[in-house]
Amino acid sequence: MLHAFDFMREMTTLSVVLRLVLAFVCGGLIGIEREFKRRPAGFRTHILICLGAAMTTLTSQYLYLTMQMYTDVARLGAQVIAGIGFIGAGTIIVTRQRRVKGLTTAAGMWTSAIIGLACGAGYVECAVFATLLVLVAELLLIKLERRVSAGSKEINVYVEYTDAACLESIMRRLREEGVRITNLEISRRPDGDRRYGAVASISNARSAPNDQILGEIEEMNGVLLVEEV
């Protein structure tokens, strides 16, 4: 550890203030990226989570070092790690296309809470470096993720169609084109109109790009909507 930050590991008023400010900054840096992308948990949410976690660690240290209450100083922090899951679950939704959204935001909130624990403990090096790695993962690695997924031959497709005969035509067309269906889920629109939805996992053995296959499906009679999920 860097000895330059040793003063922040002491239980002094200056140390407490600096730890909370560090938690504020680290949580804000993570949250502002989510805010730009219009995610459910954004700038203020990540700040509050990181601050709350830092206060938890500070309280544990205060009870042990100042109040001389000899208890497990990691107990409160452990409850933060487990309890943040309830908040994270609120950001995860399943769309009409059976697509799960919000996992990255939930994971970021969980990581932000742990960074807050590190800030509260005065572990400055870990908190700062972890914040930088989170930003790298959210800002830079997403480009690599998109490039890898774009070249994948395994894709999930959501299709809205008018009747069962249309789905049979789609499946027959895909088999003729050498595209294999590995999984299929069918659902009826809840609003009562004559519209069906299906999520299909397909394996594209062709050299044609995925967009071309989606375009061929969209041109078929009875198909209302086609999109990759």
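The values are calculated or read from the model by the stated rules, or taken from the named source; none is laboratory data. Here the structure is a predicted model, which is why all the values come from computation and not from measurement. Note that we place each Cβ from the backbone using ideal geometry, even for glycine, and neighbour counts take in every protein chain shown. Accessible surface areas use protein heavy atoms only, side chains included; no ligands, DNA or RNA. Shrake-Rupley method; radii C 1.70, N 1.55, O 1.52, S 1.80 Å.
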Exercise for the section: May I ask which residue of Ile170, Thr104, Leu63 lies farthest towards the positive end of the charge dipole of the chain, with charges of +1 (Lys, Arg) and -1 (Asp, Glu) on Cβ and the Cα centre as origin? Expected result: Leu63
Handout entry: Surface share of carbon and sulfur [accessible, 1.4 angstrom probe, percent] for region 13-140
Key = 71
Handout entry: Probe 1.4 Å - accessible area at Cys126, Å² to nearest ten
Key = 60
Handout entry: Angle between the chain longest axis and helix 103-121 axis [Cα atoms, degrees, rounded to 10]
Key = 10
Problem - Listed residues Met109, Met69, Met171 arranged by accessible area, highest first, probe 1.4 Å - result: Met69, Met171, Met109
Practice task
Might you work out the accessible area of Leu76 for me, using a 1.4 Å probe with all protein chains in place, and round it to the nearest 10 Å²?
Solution key: 70
Completion exercise
The helix 164-176 Cα axis meets the longest alpha-carbon principal axis of the chain at an angle in degrees, between 0 and 90 and rounded to 10, of 90
Fill in the blank from the handout: Rounded to the nearest 10 degrees, the helix 124-139 long axis (Cα) sits at an angle to the longest Cα principal axis of the chain of 20
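If you filter region 1-56 for trypsin sites (Lys or Arg not before Pro), then keep DSSP loop positions with at most 10 other Cβ within 10 Å, what is left?
Of the trypsin sites (Lys or Arg not before Pro), the ones in loops of region 1-56 whose Cβ has at most 10 other Cβ atoms within 10 Å are Arg38.
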Completion exercise
Expressed in angstrom and ordered largest first, the alpha-carbon extents of the chain along the principal axes are 74, 38, 28
Fill in the blank from the handout: Result for the chain: accessible area per residue, probe 1.4 angstrom, in square angstrom, of 59
Exercise for the section: Please compute the net charge surrounding Tyr123, taking Lys and Arg as +1 and Asp and Glu as -1 over other residues with Cβ under 10 Å from its Cβ. Expected result: +1
Exercise for the section: Among Phe7, Gly31, Val17, flag the residue with its Cα farthest along the positive direction of the charge dipole of the chain, charges on Cβ as +1 for Lys/Arg and -1 for Asp/Glu. Expected result: Val17
Handout entry: Dipole magnitude of the chain about its Cα centre (Cβ charges: Lys, Arg +1; Asp, Glu -1), debye to nearest 20
Key = 180
Handout entry: Within straight-line cross-link reach of Lys101, lysines at Cα separation under 20 Å, skipping those fewer than 8 residues along the same chain
Key = Lys37, Lys143
